[in-house]
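Just so it is clear, none of the values below were taken in a lab; they were calculated from the coordinates. In this text the structure is predicted, and so the values were computed from the model without any measurement. Note that we place each Cβ from the backbone using ideal geometry, even for glycine, and neighbour counts take in every protein chain shown.
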Amino acid sequence: MMSVGEIASVLANIKYKHGYELICAPVSDAPGTTHWYLQVIATIPFPPPLRGSRIMKGGKHLLSPHMTASELVQCAFKAFLAFEEHECREHFTYKGQLVLGPHNDLDKVAELLALGELKESVRS
């Protein structure tokens, strides 16, 4: 099991884009048990003509208490990938619509499919 100091040492060696960082924080579990998670925090400038920036937080990635340094580095990489994919889905449009948007209501999509109002594409 990696100590908090060992985790911090590994994370100190990870660099990504300017304004992006990883935090490692505890998750409250049963008394006497602590698990940790990684989360991307990014300071992203507003697009012109706006000024300033906003702070965005990615999802939380639970760390295994049995992880190795290599697994921690790979988890950090996946956290950055997930953050970037989320951003991509928020800006990617097809015919003016966010068809792959990360905030789409999947219950509504399922309902439309069940009603036949949305057709699933299948290759023949």
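What's the number of the condition Glu71 fails, among (1) over 21 Å from Glu90 (Cα atoms); (2) in contact (Cβ under 8 Å) with a residue 40 or more places away in the chain; (3) assigned to a helix (DSSP H, G or I)?
Of the numbered conditions (1) over 21 Å from Glu90 (Cα atoms); (2) in contact (Cβ under 8 Å) with a residue 40 or more places away in the chain; (3) assigned to a helix (DSSP H, G or I), the odd one out for Glu71 is (2).
May I ask you to list the residues in region 2-13 that are surrounded by 13 or more Cβ atoms within 10 Å (Cβ to Cβ) and either at positive phi or not in a helix (DSSP H, G or I) (or both)?
If the condition is that a residue be surrounded by 13 or more Cβ atoms within 10 Å (Cβ to Cβ) and either at positive phi or not in a helix (DSSP H, G or I) (or both), then Met2 is the only one that fits.
Can you tell me which residue within region 79-124, out of those that are charged (D, E, K, R) and surrounded by fewer than 12 Cβ atoms within 10 Å (Cβ to Cβ), is nearest to Ile14 (Cα to Cα)?
Asp105
Among the residues of region 79-102, which ones are over 13 Å from the mean Cα position of the chain (by Cα) and in a loop (DSSP other than H, G, I, E, B)?
Answer for region 79-102, where residues must be over 13 Å from the mean Cα position of the chain (by Cα) and in a loop (DSSP other than H, G, I, E, B): Phe92, Thr93, Lys95, Gly96, Leu98, Val99, Leu100, Gly101.
Quick grid of which residues meet (1) on the phi > 0 side of the Ramachandran plot; (2) surrounded by 14 or more Cβ atoms within 10 Å (Cβ to Cβ); (3) small (Gly, Ala, Ser); (4) in contact (Cβ under 8 Å) with a residue 40 or more places away in the chain:
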{"residue": "Lys15", "(1), (2), (3), (4)": "no, no, no, no"}
{"residue": "Gly19", "(1), (2), (3), (4)": "yes, no, yes, no"}
{"residue": "Ser28", "(1), (2), (3), (4)": "no, no, yes, no"}
{"residue": "Leu38", "(1), (2), (3), (4)": "no, yes, no, yes"}
{"residue": "Met56", "(1), (2), (3), (4)": "no, yes, no, no"}
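What are the residues in region 40-54 that are exposed (fewer than 15 other Cβ atoms within 10 Å of the Cβ), touching a strand residue (DSSP E or B) at 6+ places or on another chain (Cβ under 6 Å) and among the aliphatic types (A, V, I, L, M), if any?
The answer is Ile41, Ile44.
Give the residues of region 15-59 that are under 15 Å from Val73 (Cα atoms) and assigned to a strand (DSSP E or B), sorted by residue number.
Within region 15-59, Glu21, Leu22, Ile23, Cys24, Trp36, Tyr37, Leu38, Gln39, Val40 meet the criteria.
I'd like to verify a number: residues in region 103-122 that are part of a loop (DSSP other than H, G, I, E, B) and of a type in the set (Gly, Ala, Ser), how many?
Of the residues in that region, 2 qualify.
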